[in-house]
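Participant: Okay, handing you the structure first.
A short reminder: the numbers here are calculations on the coordinates, not readings from a lab. No experiment lies behind these values; they were computed from the predicted model shown. Quick reminder, even Gly has a Cβ in these numbers, built from the backbone with ideal geometry, and neighbours come from all protein chains shown.
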Amino acid sequence: MTEAVAAQDEQTPYERVGGGAAVKVVVDRFYELVLADETLAPYFTDSDLTNLKRHQVQLISHLLDGPVSYEGRELRDAHAGLAITPEAYARVTEHLVGVLVDAGVPDDIIASLGGTLGAVEPEIVAPQN
Ligand code: HEM
């Protein structure tokens, strides 16, 4: 088999997790847990959840090499002024990884998303003084 044909056989992470429907299930469950977490819910009091979920689905789909563009704000702008602590960041990350595990997402994909979550933390957590 030529390399080109082999490449066509390879699925993207987006396809491997089950595509858009699967990402949407993950994101819905993720925000259920976040909003049920009394240390996290107050951050979301003024949020437009429909928009937030739509953008989160787009972002995760994009990170999984899906055919989807992210139309939300830069992460730094979206979280500015929310005074997000490192503890809150860790809890949100735990909820997301937990949902991915429960959804049966393969370990290599979770590890790759986890790397991205670590990399964007400085854009989301408020500067600590
Ligand atoms: C773990 C990594 C995180 C990612 C990848 C992420 C991603 C996003 C995305 C894509 C949006 C939508 C932006 C838009 O609609 O323009 C958003 C908004 C938001 N995020 Fe995060 N987020 C993360 C962590 C957190 C944490 C730790 C908190 C608070 C504890 C948080 C609180 C919020 C809030 C309140 C909004 C809505 C802001 C608004 O309505 O103006 N996020 N986030």
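Participant: Quick one: length gained pulling Asp48 to Arg91 fully straight, 0.36 nm per residue minus the C-alpha distance?
Facilitator: That pair, Asp48 and Arg91, stretches by 13.4 nm at full extension.
Participant: If you don't mind, another one. Can you work out the base-10 log of I(q)/I(0) for the chain at q = 0.18, 0.23 1/Å, using the Debye formula on its C-alpha atoms alone?
Facilitator: -1.04, -1.66
Participant: If you don't mind, another one. May I ask you to evaluate 6.51 cos²θ - 1.76 cosθ + 1.60, the Karplus curve with θ = phi - 60°, for each residue of the stretch 68-81 and list the ³J(HN,Hα) values in order in whole Hz, giving x for glycine and proline?
Facilitator: Using θ = phi - 60°, the values come out as 9, 9, 8, 10, x, 6, 4, 4, 5, 5, 5, 9, 5, x Hz.
Participant: Pull out the extension gain between Ala111 and Glu32, defined as 0.36 nm times the separation in residues minus the alpha carbon to alpha carbon distance; nm, one decimal.
Facilitator: My answer for the length gained is 26.2 nm.
Participant: Could you rank the peptides 35-44, 57-66 by their average count of other C-beta atoms within 10 Å per residue, with the highest value first?
Facilitator: Most protected by this proxy first, the peptides run 57-66, 35-44.
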